[in-house]
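The values are calculated or read from the model by the stated rules, or taken from the named source; none is laboratory data. None of these values were measured; they are calculated from a predicted model. So basically every Cβ, Gly included, is an ideal-geometry build from the backbone, and we count neighbours across all protein chains shown. For the accessible areas, the whole protein counts, side chains as well, though only heavy atoms, and no ligand, DNA or RNA atoms are used. Shrake-Rupley method; radii C 1.70, N 1.55, O 1.52, S 1.80 Å.
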Amino acid sequence: MASSEEDGTVEEKENNNKKRTKSTLATAWLTFYNIAMTAGWLVLAMAMTRFYIQKGTHKGLYRSIARTLKFFQTFALVEVGHCAIGIVRTSVIVTGVQVCSRIFMVWFITNSIRQIQSEESVILFLVVWTVTEITRYSYYTFKLLNHLPYFIKWARYNLFIVLYPVGVVGELLTIYAALPFVRRSGMYSMRLPNKYNVSFDYYYCLIIVMLSYIPLFPQLYFHMLRQRRRMLHGEVIVEKDD
Amino acid sequence: MDALALEATGNKRVANGAVVPAPLPVQAQSKRKPAKKTKKAVVFFEVEILDAKTKDKLCFLDKVEPNATIGEIKSMFHKSHPQWYPARQSIRLDPKGKSLKDEDVLQHLPVGTTATFYFRDLGAQISWVTVFLTEYTGPLVIYLLFYFRVPFIYPPKYDFTTSKHWVVHLACMCHSFHYVKRLLETLFVHRFSHGTMPLRNIFKNCTYYWGFAAWMAYYINHPLYTPPIYGEQQIRIALIIFLFCQIGNFSIHIALRNLRPPGSKTRKIPYPTKNPFTWIFLLVSCPNYTYELGSWLGFTLMTQCLPVAFFTLVGFIQMTVWAKGKHRSYLKEFRDYPPLRSPILPFIL
């Protein structure tokens, strides 16, 4: 699941309810981190745009930005650490799942299956991710600097309405395109007999991953819609208590 | 005068109908007190129950006895709202506070004579016994389906065949014994603190137990199963560990049962008994989990199967969480709790 839209909203709720004295070190680090990530994804956006303008095609685009993408997307693992030590008030599990799904797409699909790197669906989700991440990280940056322009807030809570489904489509199409190559090569798979008495078929694993989008995507999407209503229109939503 | 006469004849039979002045104190102006066996005046409580979220008044009970328990109040509430049976009611003094216990007595709570309680619906409930029986019967049956190589699991040429490795038969016996033991303990040994749990738990728990059972059983009973590397030696040691821990686990369950009189929910510190398997109480708060971990480590060693190791690991993580919680509540409840004890692993965890 590509989107990481819901992260900061819990943070906002906490800030509205009580004064949290965050250490200056934590604030400084987070500000630096968010500026760095915004810059990183801006670099990616510019590199992608420049490639397309110069070459006129998307073939080979992924290869040209692969290193930068891998670096910045993998570095996002740090955000799980932020939640774990408490300097960001979001659930570790939620952040973990979001970052892991991105890592999965980058390292276990696009990076390891060369043949699908020139697929259009790859460009589709890359564009979505880039726009989403630039918006998200700049939102956090401005929030930390206590100067949030309305258009950033607007972008963060409105663009996802289109970007999220489009990103999901891009990811699913990419995984689907990868299936025949996975089956043929038998990659990441283990067959019987072996001394651990276990087997793993990456092909069926990917099919299960694709199917898991069906229950997960609507839940996340509607959760974000609820957050949007709250943040932009101040509606009080009575959440269902567990 | 007439009033006195009425009261007098109420208490004493008069043969000729003449008024006999009754040796009662003058009570002509007394209020109509209900006839009670207690000598003191009984002050009835009034109870109002509000919804914890919306603060709506859901129920008003008057003439509630001061020694009424929360459990009895729940039954009364149930009468006016039949869809909320007592097991799914959470009654509390504060909307965000902890639930009151069924045994709590009304007059011992920090309330005035008009008590205000907040109600939360816990959702549909199911009894612990039902959940345990269902979640343990599944693995028992499922494993056997794989053991007997029922059709549509393995390639058709293997249908209804048996494995040529004797460790596979042994593993089936151990696995089945383990779940039969659990079923019998649920029926005859355990004394549950809570009657019910939320209904959705049965789906969660059954998915966990049944899913893992199927995953393990598939590989252990597979035609291409590879027996343990160190052969008979490994299997023998594993079996000894398994049996030792099964007996240990059972001993702990019996010891815990004996702490509690039938039908009660009392909590006491468990101590070692004459049974050597309970001496581990000196070092551990929840030795039932320790022995359970040991049993599954034994089974992992016996089958040398990665899914079994995975199941053991996940179970260990969950049991550690439970053990730490139990250990913490022991420490909170008992001042003199033995300091040497660890939650689940002696000196380590």
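Results, tabulated for the structure shown:
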| read-out | value |
| --- | --- |
| From the options A:THR95, A:THR90, A:THR57, residue that is in a loop (DSSP other than H, G, I, E, B) and surrounded by 16 or more Cβ atoms within 10 Å (Cβ to Cβ) | A:THR90 |
| Count of residues meeting criterion [surrounded by fewer than 16 Cβ atoms within 10 Å (Cβ to Cβ), more than 21 Å from B:PRO261 (Cα to Cα) and among the aromatic types (Phe, Trp, Tyr)] in region B:159-204 | 4 |
| Whichever residue in region B:218-264 is free of Cβ contacts under 8 Å to residues at least 24 places away in the same chain and within 14 Å of chain A (Cβ to nearest Cβ) and, among such residues, is least open to solvent (accessible area, probe 1.4 Å) | B:GLY231 |
| Positions within region A:180-239 being within 14 Å of chain B (Cβ to nearest Cβ), in a loop (DSSP other than H, G, I, E, B) and within 30 Å of B:LEU301 (Cα to Cα), in sequence order | A:ARG191, A:LEU192, A:PRO193, A:ASN194, A:LYS195, A:TYR196, A:ASN197, A:VAL198, A:SER199, A:ASP201 |
| B:LEU293 being at pLDDT 90 or above and either in contact with a His (Cβ under 7 Å, 6 or more places away or on another chain) or not assigned by the TED database to the domain that holds B:ASP102 (or both) | yes |
| Boolean, B:THR278 is among the hydroxyl-bearing types (Ser, Thr, Tyr) and surrounded by fewer than 14 Cβ atoms within 10 Å (Cβ to Cβ) | no |
| Residue count, region A:132-147 (criterion: touching a residue at least 40 places away in the same chain (Cβ under 8 Å) and surrounded by fewer than 16 Cβ atoms within 10 Å (Cβ to Cβ)) | 1 |
| Residue list for region A:105-126, filter: within 12 Å of the chain's Cα centre (by Cα) and touching a residue at least 40 places away in the same chain (Cβ under 8 Å) | A:MET105, A:PHE125, A:LEU126 |
| Selected residue (only one of A:THR31, A:THR49 is over 17 Å from the mean Cα position of the chain (by Cα), open to solvent by less than 30 Å² (accessible area, probe 1.4 Å) and over 17 Å from A:VAL106 (Cα atoms)) | A:THR31 |
| Test result for A:THR68, surrounded by 15 or more Cβ atoms within 10 Å (Cβ to Cβ), closer than 26 Å to A:LEU172 by Cβ and at pLDDT below 90 | no |
| Unmet criterion (only one of (1) assigned to a helix (DSSP H, G or I); (2) more than 16 Å from the chain's Cα centre (by Cα)) for A:TYR139 | (2) |
| Any chance A:TYR150 is in contact (Cβ under 8 Å) with a residue 12 or more places away in the chain and more than 14 Å from every other protein chain (Cβ to nearest Cβ) | no |
| All strands (runs of 3 or more DSSP E) inside region B:88-170 with 2 or more residues being touching a residue at least 40 places away in the same chain (Cβ under 8 Å) and aromatic (Phe, Trp, Tyr) | B:114-121 |
| Failed criterion for B:CYS305 (all others in (1) within 14 Å of another protein chain (Cβ to nearest Cβ); (2) closer than 24 Å to B:LYS101 by Cα; (3) not acidic (Asp, Glu) hold) | (2) |
